[in-house]
Each structure stands twice: as C-alpha cells, then as structure tokens.
C-alpha cells in the first residue's frame, strides 16, 4: 500500500495535500477516544478530483477515509488502516438556494450554521442541527444521520435528503434521489447513504429539503427535583399529543458543570427541561406552551421561565448550548470522554434509562452526565473519569457494556445520531448480529476492495480499547 | 422450475394455497395494463411460513412475487416469470398500538383505513394514505413508498417507517431499524426496503411512526379558469411558506368525469384546487386558510367554498375521492389506462407540466386527465383511449415517451408514489442509467438467485408493451 505522492499532487495540486507529520497528527483523531495516523491528507476542491483520488486508491487498494469537521464522537474519521484522509472542507459552496422548490443544493463541506445564515435571508431554514452546528458540515451530518435539538418536531437528516451526488468506490459518479418532496423511482439509495458513515461512497453534493422559518418561537425552562420527574414529564408531553419544536433534558451533573464553567447560577436541582414550541400564529404557540407547562407542573416542575424574545431565548438556552464544552470542568482531575455518548430509547423509557445511567455510573466509579434531545428519545451522556488510570478504563468498559445491554433490553438503539464508528461497534454488533450479514453484503457489492472507511461499523474490531491508540496518556 | 405443490401444502396447509386456473387468473393482473399467469398462489399466515416458502423457492430458483391488495398501477405484482404469488393479505393483524411511544406494529396485510380506524380511537393517525386506502395494505404502501393527499405536510411512507421484519431471499429473517424517532445505528436498511417493490425482501412486519390527530381540519375548494392559473397557485402557496395539510389539483377532464359518474354538478371550469389546513388551534388553521385563499384569489380563483365540518369536508372532497373510478365514464368507447399515471416535478414546474400533458395528449389523439397531490409535486394522469385499436396503443407509447422526456427535462421523476414496476421501467431506465449498476449490485448481493419479484424496476424489459400480455382485447 505504497502511496504515490506525485500522483496525488498531480490530481489536487501541491497546496491541497500534505504528508507532513504535524498535519497527519492533527488528522489522526476526531472527538472520539481513538487515534491512528493516516499516510496522507488530501483536500479536493472538485468532484472530478474526488473521483480521480478514489479511482487511484481503488486500483492500489488504499483506504480512503472521508472527513468533514472531525467533530464525530465515535471514531468514524480515524483512519484505522492508515491511507488517505479525504478532507472535504474545501468543497464548501452553497451551489443553489431554490425557495421556489423548497430545496438547497450544497457541497459536502458547507457548515450547518453557514447554510442556515444563508437560508434565513429567505425566511427559510434547514432543521437538522447538532450542537456542533458551528463547525459540523452537511457531509458529516449525512454520514451520521445527525438530528439535533429540533428533531422532536422536524426529524433527522434522513428526512431532509432529497438527492445527492456520490462517488462510489470505483470512482464512478452517481446521481441519487430527486428534486421532489417524494419519489418512488428506484431504490431510495440516497437514504441508504445517510448514516453509512462514509463506508459506501463519498457524498460530493447534496440536495436537501428546506422549510419556512416559523414566525414565533417560545422557549421555556423548568426545574425538577428528580431526574425521574423530568424524564416522566418528557414522556407525558409526547404522549399527550403536544408538538414541541424542542424538548431537552439536562441532569444535575450538567447543571453543576455549566455553573462552574459559565457562572450561570442555575438552581442545582435534580434536572432541568427546556421546551419550545413554534408556529406562525401566536395563539397556537401559546396553546402548546401552556399545555406543556401544565404537564411540567403536574410532575412538580417549578421556576418556569418562558420567553418569545430571541435574546431571552438565547440566555435560557445558553447552559444547554455550552454543556458539552462545560462538562470537562465538572471536577478537577477527571476527563470527559466520548464513549457511550449517545443512545436512543422509546419515549416511554426515558426516565428509567436516565436513572439507570446514574446508577451504573455510581456503581462503576465514574461520573456520567445525562442530557439530550429526549423528546425524540435521544439520550446523550459523557463518561468522566481519571483517564491516566488503567483501572478507570476498565471501569469505562464495564459501564459501556452494562449501559448498552440495558438500552437494548428496553428496545433502544446503540446510537441515535452520533453513529457507531469504532467506539460503539462492539455493543452494537452484539445487539444487532442479525443485520450484519446484510450490511456486509451491501458493502461488498459496492466496495469490493474495501477501501471506503474500512473497518468501521459492521467491520469494526470487537474490542474498542485495542482498536486504535487511545489519545490519552494512560500512566498507571 | 417445477413447483412441488405437496411441499407448498405442507408449509401453509390445504386451505392457504391454490393452483386452480380461475384463482391464477385473478392473480395474473393488478391495476396496471399487464397480465401474466403465476403457477401457484400461496397465502401464508405467519412469518415462519413466509420463511419456509422463500427458502424452498430459493433452493429451486422459483420466482416469488409478494402481493398486497393488487392495487398497484405499474405491474409490480404481475408475475412476469410465473412462479409463486405470495398473497400477504391474511397477515393482517395490528400487533400493537403504543401511544406511549407514538408507534404501531403491524403485519403487512393490514389495510390502511383499518389501521386508521383503530388509531383514531386513541386520537392518533397514520398519515400516508393513497386514494386506494380502503383496500391498500401497509406492505404494499411500503413497497411503493406511497404518500397520498396529506404528503404535502406529512411526507411519504419512507418518513414513517421506523423498523421492519423482512424475510430475505435465503429465507432468513432480519429485524431492521428501531423503535425510536431517530437512529444512527447501522445502515438505514428499513428505508432501503421502502420503495424496493418487493425485489429485496418480503416485509412481514412493520413498525410505523404515528402522530396525533389534529383537533381542526378546514378544507376549501376553488375554481380556476385555466390549468395554468391553478398550477401557478399551487406553486405560489408552497413558495409563500404556507403549510397546507392537503393541496390537490383536478383538471377539466376530471371534473367532467366526476360530474358524469356522480352527478355532482361541479362547475366545468379549467381546474379545481382543494386546499386544507389542520392544527390544534383554530386561529392557526384560520390563518393558513386565509393566506391560501388570498393566493387563490390573486390568480383568479373563484367560487371558494370552505368548511371545518366533517360532513361538509367529505362533500367537498367527494369529486376528488372518486375521480379515479369516475374517469372511465368520461367518454363512451374509451378506456382509462394506468400507464404514465404518476410523476413528480419540482414545485415550480407544476403549471407548465400540467399544460404540457394536455398538449401531448391532444397531439397524440388520446385524452388525459391531470390531477394529484400537486402540493408535494405529485402529478397523476390517466391515458384514455380506444384500447381495442392497435394504433391507439402506438399513440399511448408515443405519449409516454414524450411525457417522461419532458418530466425528466424539468428535473422531475418518473414516479412519485406509484413505483416503476413494468410500465414505467423503460422511461425510468433511460433517464436514470447511472444508478442502474448500483441497484443491480445491491439486488445481486441480497438475492443472488434473482427470485424476489424478478424482472421489475432495473431488471424490467425495455419494451413495456411486449413485457407481458396486455389485459385488453386489442382487435384491430
């Protein structure tokens, strides 16, 4: 697997690749615990360049790992087999905004917030937005089927992909999907690509459905004595037929962390819920907010603050927005890791899963935060521990196993919106062994030389600790 | 390919199969123009029976064509290679309604209207509903990615499938997807199955997302002088950011037909639009209705009738509801055929496509009705002609070719919600030649013996006229 650097330079030009060790190091990890060195970073600017690179790699059987912002938490973009990391951030043009067809055509490196800033001028928006929307690219969001805070009303990336251009493993370009709201014209291949984590093809252009910005948004915060009360409130809101445009949970660990990091002075109660409704008519938003407020109060929710004002909403949301970054400030000497950081459970299982997470954490000597887009069943966590100690990594291993066994036992999934990658693969493969042959058959049919992001998902190693280096200094 | 009838009887019992010629004849056609005789009809009652039948067929390389109501319009369930027709209508149990998780688990033979009657008791509904919802099964709707009158707000079947159990070509059972609103846990295989027309696996159970019934629905009808005005109104309503829950078009041919068939006394204007809004707060529904009414009036819409009342809404919708059946009454001596009966175009191309359809029809001596769920870009047509005459079939062939060339030239798709099957395959294959190898590779990977609904979609014959018998008496 010797890479011909001259060939690479010929394709993308001398300024658009690097095999400098410092650059390779930067690209050796993402937001996960994993680290592995690529042989070369390639930064294509056109579809043709992607085709030529992939075509060359396929002939020489060189692994190609596509990468957007590198904000993935499960190791999707860590090049476990070395080879080429394909950085798509330079393909970042918004090609076309078509309000008359309610769609937008973008290159994969377009950043989510940039897209929304452009759309806002037309009174439109693109709903799926992970917490990392400031840096996350549309290509990366497609790879992981990202959903974000408004998924409870608006759904996930898979619900917005209309069509896409994809470079397949042999370097050929296919044009999947349609320019229309619905289609029944051949396999829904564009939806197969969503969530495939770069293993089936390289998305080089995407046509996404967009939707009108609502005239009114009202956001509220409510405090709860216990995580159980907060979780049950969320379940009840959904079952009641309420239609929140956001329904977020944040536990005490999260509250303490944002207070420490940002000095917010939030009451350090059992849990906080954020709920939002949106619409074009204030009476309708009022109705939804009043109904949700009533359900909060029924479960002991207190200190409810509510606002339509954009600046006030930003303030109310600030703790949740910065939670991820703040968690590392929770306690001196412990590090916040992305391991079992994302799961999905049926709506009725939110409270019990949230409580179970704390119980498992305590029993295994780690700290875990529980938060996320619980209105759509998305639970996020972080496992926080002393990463310098081997014994604490063993603790983390036990936590992950116990946690996912529990999530699967209540009908949940290993990942709701972050993807499987490397970290979650062992737990996921154990739970979903029946679908692995089907996935492997499709992978082999489309990528017979196994060059596209190899050894991820169904082909990932069975031991996530040994899968790659850990990007932590484990001393004792 | 000799089928061992004893073996079939052993699997499903003596009352659940037939090779009686009268039965075979019934199952030799659907709502399309095609006809081909199966060797045996098998009516399984359990997943295990489906597995055993498919396993046997795979060993003997016998084609298996799954079938729901047989209401498909493109020949999906016509057994072009003979073999087994698998009638899934006996697997019609609603297994579980879980309002607490906003999902329902059903067998594939459950009829859409039956499901909605059951859900309505909980204040819930399943939005995708084709005009044939009185007989259409959920399995069939999954096969075609059906969408229906409310797709403009609620989307298509693909947006509601959470998970499914599928029997693959080797008889193995896989459990795809999740019980959660979103997931990023492996390939979105459940969405690959949607719209695959029975070529990749047999859906034996489906978990579908459901949603609260709105408290208010308001429906209106508006009359327009021309099809162009009506089409432009629809485009403008969507571009304006209005959120109709229904936005339907019906042309003069349709109006005349329903007047003849049902004596409705509708004004025989250029076109009629039906628009609906729904919601939990009347002020919000009023707002949307008023906004849409204003856009109608701007384009010369007149005689606008509007009602919240269920019985009145039923009356206003009655013409559209019965349109399909009524069209055969349009003119003595001509027959209404399902050929180029379904297409999707971008929102901005509705008026010009509708006009083009009439122009092509006139120039080629056939009559065509234009109607459909135009708010989501779905245009339906029927080609009406004297099916006893060979020359008229030639006319129909020209119409289809011209029409789909036009639809593809404006960025549209060959089918929006009816599927490709046999009738639409030549036009679709011509337009989408780039994706055929990818589809064939997936098909071969999952069904190496090509037993599941063979020779449909990408593998369909290039000449739809010669693909099968035509189920018409062509005399001269």
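The values are calculated or read from the model by the stated rules, or taken from the named source; none is laboratory data. Source: prediction; values computed, not measured. Ideal geometry is used to build each Cβ from the backbone, glycine not excepted, and the neighbour counts take in all protein chains shown.
Go through B:132, B:147 for me and flag whichever is buried (at least 22 other Cβ atoms within 10 Å of the Cβ) and either more than 23 Å from residue B:189 (Cα to Cα) or out of contact with any strand residue (DSSP E or B) (no Cβ under 6 Å at 6 or more places or on another chain) (or both).
Of B:132, B:147, the one residue that is buried (at least 22 other Cβ atoms within 10 Å of the Cβ) and either more than 23 Å from residue B:189 (Cα to Cα) or out of contact with any strand residue (DSSP E or B) (no Cβ under 6 Å at 6 or more places or on another chain) (or both) is B:147.
Please determine, by comparing only the residues of region B:288-309 that are in a helix (DSSP H, G or I) and in contact with a strand residue (DSSP E or B) (Cβ under 8 Å, 6 or more places away or on another chain), which one is nearest to residue B:233 (Cα to Cα).
It comes out as B:296.
Can you name every residue in region A:324-334 that is part of a helix (DSSP H, G or I) and in contact with a strand residue (DSSP E or B) (Cβ under 6 Å, 6 or more places away or on another chain)?
Correct list: A:327, A:328.
Could you tell me whether any residue of region B:267-277 is free of Cβ contacts under 8 Å to residues at least 40 places away in the same chain and touching a helix residue (DSSP H, G or I) at 6+ places or on another chain (Cβ under 7 Å)?
Yes: one or more hits.
Restricting attention to region A:442-454, and to residues there that are away from chain B (no Cβ under 13 Å) and either free of Cβ contacts under 8 Å to residues at least 12 places away in the same chain or surrounded by fewer than 20 Cβ atoms within 10 Å (Cβ to Cβ) (or both), which single residue is nearest to residue A:397 (Cα to Cα)?
The qualifying residue nearest to residue A:397 (Cα to Cα) is A:450.
Is one or more of the residues making up region B:124-143 closer than 30 Å to residue A:341 by Cβ and modelled with pLDDT of 95 or more?
The answer is no, given that none of the residues of region B:124-143 is closer than 30 Å to residue A:341 by Cβ and modelled with pLDDT of 95 or more.
Among the residues of region A:237-261, which ones are over 23 Å from residue A:382 (Cβ atoms) and either surrounded by 21 or more Cβ atoms within 10 Å (Cβ to Cβ) or in contact with a strand residue (DSSP E or B) (Cβ under 8 Å, 6 or more places away or on another chain) (or both)?
Answer for region A:237-261, where residues must be over 23 Å from residue A:382 (Cβ atoms) and either surrounded by 21 or more Cβ atoms within 10 Å (Cβ to Cβ) or in contact with a strand residue (DSSP E or B) (Cβ under 8 Å, 6 or more places away or on another chain) (or both): A:237, A:238, A:241, A:242, A:243, A:244, A:245.
Going by the conditions given, is residue A:339 modelled with pLDDT under 95 and either within 12 Å of another protein chain (Cβ to nearest Cβ) or under 19 Å from residue A:463 (Cα atoms) (or both)?
yes
Report the residue count in region A:345-362 for those that are touching a residue at least 24 places away in the same chain (Cβ under 8 Å) and either over 17 Å from residue B:100 (Cβ atoms) or out of contact with any helix residue (DSSP H, G or I) (no Cβ under 9 Å at 6 or more places or on another chain) (or both).
Residues that pass the stated criteria total 6.
Assess whether residue A:160 counts as being surrounded by 23 or more Cβ atoms within 10 Å (Cβ to Cβ) and in contact with a helix residue (DSSP H, G or I) (Cβ under 6 Å, 6 or more places away or on another chain).
No.
Of everything in region B:98-122 that's under 22 Å from residue B:217 (Cα atoms) and in contact with a helix residue (DSSP H, G or I) (Cβ under 8 Å, 6 or more places away or on another chain), which residue is farthest from the other protein chains (Cβ to nearest Cβ)?
Among residues in region B:98-122 that are under 22 Å from residue B:217 (Cα atoms) and in contact with a helix residue (DSSP H, G or I) (Cβ under 8 Å, 6 or more places away or on another chain), the one farthest from the other protein chains (Cβ to nearest Cβ) is B:115.
Evaluate region A:262-281: report whether one residue or more is in a helix (DSSP H, G or I), away from chain B (no Cβ under 12 Å) and crowded, with 24+ Cβ neighbours inside 10 Å.
no
Of all residues in region B:213-233, how many are within 12 Å of another protein chain (Cβ to nearest Cβ) and either within 17 Å of residue B:373 (Cα to Cα) or not in a strand (DSSP E or B) (or both)?
The number of residues fulfilling the criteria is 4.
Going through region B:2-38 one residue at a time, which ones are surrounded by fewer than 16 Cβ atoms within 10 Å (Cβ to Cβ) and part of a loop (DSSP other than H, G, I, E, B)?
B:2, B:4, B:13, B:14, B:15, B:19, B:20
Which one is nearest to residue B:467 (Cα to Cα) among residues in region B:41-55 that are touching a helix residue (DSSP H, G or I) at 6+ places or on another chain (Cβ under 9 Å) and surrounded by 20 or more Cβ atoms within 10 Å (Cβ to Cβ)?
By that ranking, first place goes to B:41.
Conditions: (1) more than 27 Å from residue B:96 (Cβ to Cβ); (2) more than 11 Å from chain A (Cβ to nearest Cβ). Residue B:241 meets all but one. Number of the miss?
(2)
Could you list all residues from region B:148-159 that are more than 10 Å from every other protein chain (Cβ to nearest Cβ) and assigned to a loop (DSSP other than H, G, I, E, B)?
Of everything in region B:148-159, those that are more than 10 Å from every other protein chain (Cβ to nearest Cβ) and assigned to a loop (DSSP other than H, G, I, E, B) turn out to be B:149, B:150.
Output the number of the condition that residue B:410 fails; it satisfies all remaining conditions of (1) within 14 Å of another protein chain (Cβ to nearest Cβ); (2) within 21 Å of the chain's Cα centre (by Cα).
(2)
Please go through region A:418-441 and give me each residue that is in contact with a strand residue (DSSP E or B) (Cβ under 9 Å, 6 or more places away or on another chain), touching a residue at least 24 places away in the same chain (Cβ under 8 Å) and surrounded by 22 or more Cβ atoms within 10 Å (Cβ to Cβ), ordered by number.
A:418, A:419, A:421, A:422, A:423, A:424, A:428
Among strands (runs of 3 or more DSSP E) lying entirely in region B:80-120, which contain 2 or more residues that are within 20 Å of the chain's Cα centre (by Cα)?
Of the strands (runs of 3 or more DSSP E) lying wholly inside region B:80-120, those with at least 2 residues that are within 20 Å of the chain's Cα centre (by Cα) span B:84-87.
Can you tell me how many residues in region A:172-187 are in contact (Cβ under 8 Å) with a residue 60 or more places away in the chain and either within 7 Å of chain B (Cβ to nearest Cβ) or over 27 Å from the mean Cα position of the chain (by Cα) (or both)?
Adding up the residues that qualify gives 3.
Kindly indicate which of B:463, B:405 is free of Cβ contacts under 8 Å to residues at least 60 places away in the same chain, within 22 Å of residue B:31 (Cβ to Cβ) and more than 14 Å from every other protein chain (Cβ to nearest Cβ).
Unique residue meeting the criteria: B:463.
For region A:188-212, how many residues meet the condition of being in contact with a strand residue (DSSP E or B) (Cβ under 6 Å, 6 or more places away or on another chain), free of Cβ contacts under 8 Å to residues at least 60 places away in the same chain and either part of a strand (DSSP E or B) or at the interface with chain B (Cβ under 8 Å from one of its Cβ atoms) (or both)?
2
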